[in-house]
1. Checking Glu426 against (1) surrounded by fewer than 21 Cβ atoms within 10 Å (Cβ to Cβ); (2) at pLDDT below 90, which single condition isn't satisfied?
2. Does the range 277-287 contain any residue that is among the basic types (Lys, Arg) and within 23 Å of the chain's Cα centre (by Cα)?
3. Could you tell me whether the range 1-14 includes any residue that is within 13 Å of the ligand (Cβ to nearest atom) and in contact (Cβ under 8 Å) with a residue 60 or more places away in the chain?
4. Quick test for you: out of Tyr128, Tyr115, pick the one residue that is outside any helix (DSSP H, G or I) and over 21 Å from Asp260 (Cβ atoms).
5. Is it fair to say Leu433 is out of contact with any strand residue (DSSP E or B) (no Cβ under 8 Å at 6 or more places or on another chain), within 26 Å of Phe75 (Cα to Cα) and free of Cβ contacts under 8 Å to residues at least 60 places away in the same chain?
6. Which residue, of Arg283, Arg251, is modelled with pLDDT of 95 or more and basic (Lys, Arg)?
7. Can you tell me how many residues within the range 150-177 are among the β-branched types (Val, Ile, Thr) and over 20 Å from the mean Cα position of the chain (by Cα)?
8. Whether any residue in the range 65-81 is among the β-branched types (Val, Ile, Thr), touching a Gly at 6+ places or on another chain (Cβ under 9 Å) and within 14 Å of the ligand (Cβ to nearest atom) is what I want to check.
Amino acid sequence: MAERGSFGRLGFILAAVGSAIGLGNIWKFPYITYANDGGSFVLVYLIAILLIGAPIMFAELAIGRRTQLSAVPAFLTLGKGGPGGRVWGLVGGVGVAAGFVLLSYYAVIAGWTVYYFGRCLAWSLRGYDLEGPELGQLFGSFLADGSSQVTFQLIFMALTVGTVLLGVKQGIERVTRTLMPVLFLIMVIMVISSFWSPGFPEAIRFLFTPTEITPDGLLEAVGHSFFTLSLGMGAMITYGSYVSKQQSLPRSGLLICLLDTVIALMACVIMFSIIFSVPEAERATTFSKSATILFTTLPRMFYELPFGSILAPLFYLLVSFAALTSTISLLEVAVAYVIDSFGWARRKAAVVVGLGVAALGVPAALSLGASQALSSWAPLGPHAAGVFGVFDYTVSNWFLPVGGLLTAIFAGWVLKPEIFRSELEEGHGPFRLFLLTRLLLRFVAPVAILWILWAVIGGRSFA
Ligand code: TRP
């Protein structure tokens, strides 16, 4: 078997932060925060990151680095002899499957960001020419245009496969090391430019003043903390397996959580400064509190801002970068599994798995209006319509929470505490928060996640 790849110190942080920062931060978090009236929702999200996300992050990184294996064989190795034994391999397997499905439709959304980058570039060069409603129509007809959907999805998959097949150091580390600093820079420029926007003070007030929160909002905040940190499906186990023993896992894990959260909040400041610049009376008609806000209203707002024709394409470029560093990690989970468990060469694994994911993504891409049959397919009931909707519903509501639950139970109850502790202390020194981490994994995280699943069973959807 070829030698196992490894990350450099900074390379690992950037790759893991790149995995965490994605459409979840820039597309999903702002709109769910807007829909849940900000304030308290943000607070609950922050608490969930700290009390549930961070300990599971530590657990995944430790499982990966300890075994130097990807998700399935890592669980198999550590589970051997303990309660449950080889059954734990299934947890890894569910993770690989979840990543496969998640990537198939995530690449479709990522394709939209590439399309809007091109669109905005064209507008910036020859002048912006659409009204608000026309922008909505543009997006609607883009979604319903099957060949565009598939083309952009395939472009994105090709970029992802191209990176992963070059290897951990030459591909993943090199690409994330280049893109992440650029992403941070664009983000900072945009936040600074929002200081001058008339909506800025209200955006800050909206984000940080406690408001009412519904039980559904609570659940959504907890559920999103998994998605945004790339937890619950072995992505951080896989990346953890490429980390050197000299590196501190608790420090790295906390830094990943911190940077992911900061970027999510920055994305909110940028978007809400724009939204709150519109007078309140107009806002309700201009901004639907929906998932499409990034594409249906934001472009026009950009072109009303000073320097908008520079900021608009830059912004969509940034979102594409963020998405690419996430799709890379999603593909790597399945590719590493195939390499570890079947001994395939990396190139072959990346191309074959990538083709499989791309093929699965085609029906998802065609289920946004292009194909009537695919768009109305709803085997799970009305809350998940169309192939795209069904995939998103299943992954966000079932796979990730169940994966996170089982990972927490594994790390808290099955994994020997000496092993867990020694892995967290390797390259770190005495880890004073170990007991707290273990307590959170044993009790707090499982109870919180079971509560989410209970709500899902009761018919609630986070997709
Ligand atoms: N965290 C990414 C985002 O916020 C999505 C993602 C990438 C992901 N890899 C993952 C989610 C693994 C769950 C598991 O967009």
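The values are calculated or read from the model by the stated rules, or taken from the named source; none is laboratory data. Computed from a predicted structure; not experimentally measured. Neighbour counts run over all protein chains shown; Cβ positions are idealised from the backbone, glycine included. We work out accessible area using only protein heavy atoms, side chains counted, and drop any ligands, DNA or RNA first. Shrake-Rupley method; radii C 1.70, N 1.55, O 1.52, S 1.80 Å.
1. (2)
2. Looking for residues that are among the basic types (Lys, Arg) and within 23 Å of the chain's Cα centre (by Cα), one finds none in the range 277-287, hence no.
3. Within the range 1-14 (the criterion being within 13 Å of the ligand (Cβ to nearest atom) and in contact (Cβ under 8 Å) with a residue 60 or more places away in the chain), the answer is no, since none of the residues qualifies.
4. So the residue among Tyr128, Tyr115 that is outside any helix (DSSP H, G or I) and over 21 Å from Asp260 (Cβ atoms) is Tyr128.
5. Against the criterion (out of contact with any strand residue (DSSP E or B) (no Cβ under 8 Å at 6 or more places or on another chain), within 26 Å of Phe75 (Cα to Cα) and free of Cβ contacts under 8 Å to residues at least 60 places away in the same chain), Leu433 does not qualify.
6. Arg251 is the lone residue from the list that is modelled with pLDDT of 95 or more and basic (Lys, Arg).
7. The total comes to 2.
8. No, that holds for no residue.
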